[in-house]
Amino acid sequence: MHPLSLTAPPAPAPRITYGAVLGSPYVARLLGGTLTGRLPNGMAPVDILLWATASGSSIAFGGLLSALYGLSSALAQPVKGRLMDRHGQSAVHLPAALLNSALLVALPLAGPYGGPVLATAIVVAGGLTTPPLEAGLRALWPSVLPDPQLRHAALALDTGTQGLL
């Protein structure tokens with residue numbers, strides 16, 4: 001205690017560890033599930049570019065398709081967030097995941113038959129149907145982790161692990 005101070009300094013806040021966060025109910029399953037579900041968000045643009053160049057298109061066209069996928073995904077996220085608010089996460093995530101998967105699987109099958117116009121339409125539709133898993137997880141944290149310190153650590157853990165993907 002400082003000689004001129006009348007009160008003792010406040011005790012430091014207890015450290016929150018990632019182990020404490022992952023040990024909380026539902027956290028490991030939620031984080032693991034959404035990280036697995038978000039793998040295609042990072043892989044799809046690269047795969048689209050590789051598919052386009054392997055099927056005889058230019059790297060510029062492949063880059064354009066990848067950019068359109070990302071742009072359409074970003075533009076649709078607020079709409080899907082609003083739909084989740086109204087109808088619940090499952091009602092949005094499941095159809096979005098099924099449609100997105102079907103469209104990404106259809107791209108190499110439809111490409112040789114429909115040419116660049118069909119490929120562009122499939123890629124844009126695939127981007128529009130990307131499931132909003134990250135937004136859904138962030139909306140769940142307050143109910144799963146009511147402690148703000150645990151929630152802050154969970155957000156940091158989520159961001160760090162997403163960066164690894």
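Given the criterion small (Gly, Ala, Ser), closer than 28 Å to Val144 by Cα, part of a helix (DSSP H, G or I) and modelled with pLDDT of 95 or more, identify the matching residue among Ala67, Ala102, Ala60, Ala96. Steps first, answer last, please.
On the way: Ala67 fails: closer than 28 Å to Val144 by Cα; Ala102 fails: closer than 28 Å to Val144 by Cα; Ala60 fails: closer than 28 Å to Val144 by Cα.
After ruling out the rest, the residue left standing is Ala96.
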- The residue that is nearest to His93 (Cα to Cα), considering only those in the stretch 122-144 that are part of a loop (DSSP other than H, G, I, E, B) and out of contact with any Ser or Thr (no Cβ under 6 Å at 6 or more places or on another chain), is Pro131
- Looking at Leu118, Leu107, which one is open to solvent by 50 Å² or more (accessible area, probe 1.4 Å) and either under 18 Å from Leu49 (Cβ atoms) or not in a helix (DSSP H, G or I) (or both)? Leu118
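Determine which member of the set Gly33, Gly56 is open to solvent by less than 50 Å² (accessible area, probe 1.4 Å) and not hydroxyl-bearing (Ser, Thr, Tyr).
Values: Gly56 fails: open to solvent by less than 50 Å² (accessible area, probe 1.4 Å).
It is Gly33.
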- Message: Six or more apart or on different chains, Cβ atoms under 6 Å: show the pairs whose first residue is in the stretch 94-115 and under 14 Å from Gly62 (Cα atoms) and whose second is in a helix (DSSP H, G or I) and open to solvent by 40 Å² or more (accessible area, probe 1.4 Å).
- Response: Pro108/Trp51
- Task: Restricting attention to the stretch 121-165, report how many residues are open to solvent by 40 Å² or more (accessible area, probe 1.4 Å), touching a residue at least 40 places away in the same chain (Cβ under 8 Å) and among the β-branched types (Val, Ile, Thr).
- Result: 1
- Task: Return yes when Arg38 is under 30 Å from Val144 (Cβ atoms) and either among the aromatic types (Phe, Trp, Tyr) or surrounded by fewer than 12 Cβ atoms within 10 Å (Cβ to Cβ) (or both) and no when it is not.
- Result: no
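The values are calculated or read from the model by the stated rules, or taken from the named source; none is laboratory data. This one's a predicted model, so the numbers in the text were calculated from it and none came from an experiment. Virtual Cβ from ideal backbone geometry, glycine too; neighbours counted across all protein chains shown. Each accessible area value is taken on the protein alone, full model and side chains, heavy atoms only, with ligands, DNA and RNA left out. Shrake-Rupley method; radii C 1.70, N 1.55, O 1.52, S 1.80 Å.
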